[in-house]
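The structure appears right after this line, and notes come after that.
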Amino acid sequence: MSESDDVPFNRDFALKPGVVDEVVPGVRRVLCNNPSPFTFTGTVSYIVGRGKVAIVDPGPDMPEHIDAVLRAVRGETVTHVFVTHTHIDHVPATPAIAKATGAKVYSWGPHPRPPGDEKPEEAGDLSFAPDIKLNDGDVVHG
């Protein structure tokens with residue numbers, strides 16, 4: 001057994017960038033074409049609901065990904081945009097998606113930076129701030 005076999009990891013991910021895939025009824029996903037050791041085959045944005053929907057983790061600021069997410073919700077009303085964390089593969093498309101849909105952005109941001117921290121985490125977007133700040137235990141209806 002080699003070191004790479006020590007931890008089982010399913011490397012099969014058939015989803016193609018820009019294609020909308022229904023994971024389960026009411027939950028769709030769109031893969032961004034930004035593969036890397038950090039993102040695996042790419043960042044995935046989710047769409048929850050039908051008719052009135054929420055977009056979860058808009059993704060990187062890549063026009064082809066933003067267009068794919070917006071195409072996926074064409075004819076629907078986006079009521080919420082959620083950002084689960086502020087890594088740079090999840091946040092940068094948020095302003096474009098929020099502007100195009102008119103939806104408010106919900107998250108716990110901004111990205112935390114401990115006092116006196118000279119070198120913040122590189123993957124966090126320190127400038128991100130949601131329209132509506134969420135805290136542990138908050139419930140959002142929609």
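Any chance segment 73-89 includes a residue that's open to solvent by less than 20 Å² (accessible area, probe 1.4 Å) and hydroxyl-bearing (Ser, Thr, Tyr)? Looking through segment 73-89, at least one residue is open to solvent by less than 20 Å² (accessible area, probe 1.4 Å) and hydroxyl-bearing (Ser, Thr, Tyr). Starting from residues that are open to solvent by 10 Å² or more (accessible area, probe 1.4 Å) and not charged (D, E, K, R), keep the ones in segment 55-72 and report whichever is nearest to the chain's Cα centre (by Cα). Looking at the filtered set, the residue picked out is Val56. Note on segment 21-52: residues that are among the polar types (S, T, N, Q) and at pLDDT 95 or above total 1.
For Gly75, the stated conditions do not hold, so it cannot be described as at positive phi and in contact (Cβ under 8 Å) with a residue 24 or more places away in the chain. Scanning segment 99-123 for residues that are at pLDDT 75 or above and surrounded by 19 or more Cβ atoms within 10 Å (Cβ to Cβ) turns up Thr101, Ala103, Val105, Tyr106, Ser107. In segment 30-44, which residue that is open to solvent by 20 Å² or more (accessible area, probe 1.4 Å) and in contact with a helix residue (DSSP H, G or I) (Cβ under 9 Å, 6 or more places away or on another chain) is farthest from Asp67 (Cα to Cα)? Only one residue tops the list, namely Asn34.
The values are calculated or read from the model by the stated rules, or taken from the named source; none is laboratory data. Note that the structure is a prediction, hence the values are computed from the model and not measured. Every residue, glycine as well, gets a Cβ built from its backbone with ideal geometry; the counts of neighbours run over all protein chains shown. Surface accessibility is based on the protein's heavy atoms, side chains included, excluding ligands, DNA and RNA. Shrake-Rupley method; radii C 1.70, N 1.55, O 1.52, S 1.80 Å.
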